[in-house]
Amino acid sequence: MKYKNLNCIIGWMVFVVAAVTYCLTIEPTASFWDCPEFITTGFKLEVGHPPGAPVFMLTANLFSQFTSDVSKVAMMVNIMSAVMSALCILFLFWSITYLARKLVCSGSGEEPDAWQTIAIMASGIVGALAYTWSDTFWFSAVEGEVYAYSSFCTAVTFWLILKWDEEAD
């Protein structure tokens, strides 16, 4: 199997592990602190406290449309945070494997051999799953707060930087 395909498949498997972990442990309702405000303002498309997090609010509103029962809106926004966190883990895995491949293959762009591929994939799995189950990240992943969404955006941005590095002349 080609390295690129294996990297993609294992990355999505890590995503599924993270998504299942977070979705099984989400808060069933609004938890303490700012979560009720963010859930309510996302559901009603109102402005939360500064800076307002408009993209979070729009995405929370989209996820809240998947239930007709208003008592389940908080759970849907919490699921959104779980999915965003799992996507963050996916991009973290791909970032780790990109950097590990660059280290192992000396940046030459060559296909790694079987043992190198195992080492690269193992480093990605260990790094991504260690972050998946870290206390602070897990805590943010299961409640309707902006931190999961912010982590996802940061992970995508960093991965795009690495992708640009790979493709740039």
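The values are calculated or read from the model by the stated rules, or taken from the named source; none is laboratory data. All figures in this text were calculated on a predicted structure; none of them were measured in a lab. For neighbour counting, all protein chains shown are included, and Cβ atoms are generated from backbone atoms with ideal geometry for every residue, glycine included. The accessibility values were calculated without ligands, DNA or RNA, using every heavy atom of the protein model including side chains. Shrake-Rupley method; radii C 1.70, N 1.55, O 1.52, S 1.80 Å.
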When F152 is run through (1) open to solvent by 30 Å² or more (accessible area, probe 1.4 Å); (2) free of Cβ contacts under 8 Å to residues at least 40 places away in the same chain; (3) not polar (S, T, N, Q), the failure sits at (2)
If a residue must be assigned to a helix (DSSP H, G or I) and open to solvent by 10 Å² or more (accessible area, probe 1.4 Å), how many such residues does region 90-108 contain?
11
Whether any residue in region 140-150 is of a type in the set (F, W, Y) and at pLDDT 95 or above is what I want to check.
no
Exactly one of (1) modelled with pLDDT under 95; (2) over 24 Å from V55 (Cα atoms); (3) open to solvent by less than 20 Å² (accessible area, probe 1.4 Å) is unmet by I120. Its number?
(1)
In this structure, is W164 open to solvent by 20 Å² or more (accessible area, probe 1.4 Å), without any contact (Cβ under 8 Å) to a residue 12 or more places away in the chain, aromatic (F, W, Y) and over 24 Å from M13 (Cβ atoms)?
yes
Is it fair to say L162 is out of contact with any Gly (no Cβ under 8 Å at 6 or more places or on another chain) and over 21 Å from V16 (Cα atoms)?
yes
Considering only region 64-89, state which residues are farther than 15 Å from C35 by Cα and crowded, with 17+ Cβ neighbours inside 10 Å.
V83, M84, S85, A86, L87, C88, I89
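Quick check on my filter: what residues within region 129-149 are open to solvent by less than 40 Å² (accessible area, probe 1.4 Å), touching a residue at least 60 places away in the same chain (Cβ under 8 Å) and under 20 Å from M80 (Cβ atoms)? Working first, answer last.
Taking region 129-149 as the starting set, the residues that turn out to be open to solvent by less than 40 Å² (accessible area, probe 1.4 Å) are 129, 132, 134, 137, 140-146, 148-149.
After this cut, where a residue has to be touching a residue at least 60 places away in the same chain (Cβ under 8 Å) as well, the list is 129, 132, 141-146, 148-149.
Result: T132, A141, V142, E143, G144, E145, V146, A148, Y149.
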When you scan region 111-128, how many residues do you find that are farther than 30 Å from E27 by Cα and touching a residue at least 12 places away in the same chain (Cβ under 8 Å)?
8
Within region 56-112, can you find the residues that are at negative phi and hydroxyl-bearing (S, T, Y)?
T59, S64, T67, S68, S71, S81, S85, S95, T97, Y98, S108
Condition test on P28, is it within 23 Å of E145 (Cβ to Cβ) and open to solvent by less than 80 Å² (accessible area, probe 1.4 Å)?
no
Give L103, L45, L24, L58 a once-over and let me know the one that is over 27 Å from I161 (Cβ atoms) and either touching a Lys or Arg at 6+ places or on another chain (Cβ under 9 Å) or at pLDDT below 95 (or both).
L45
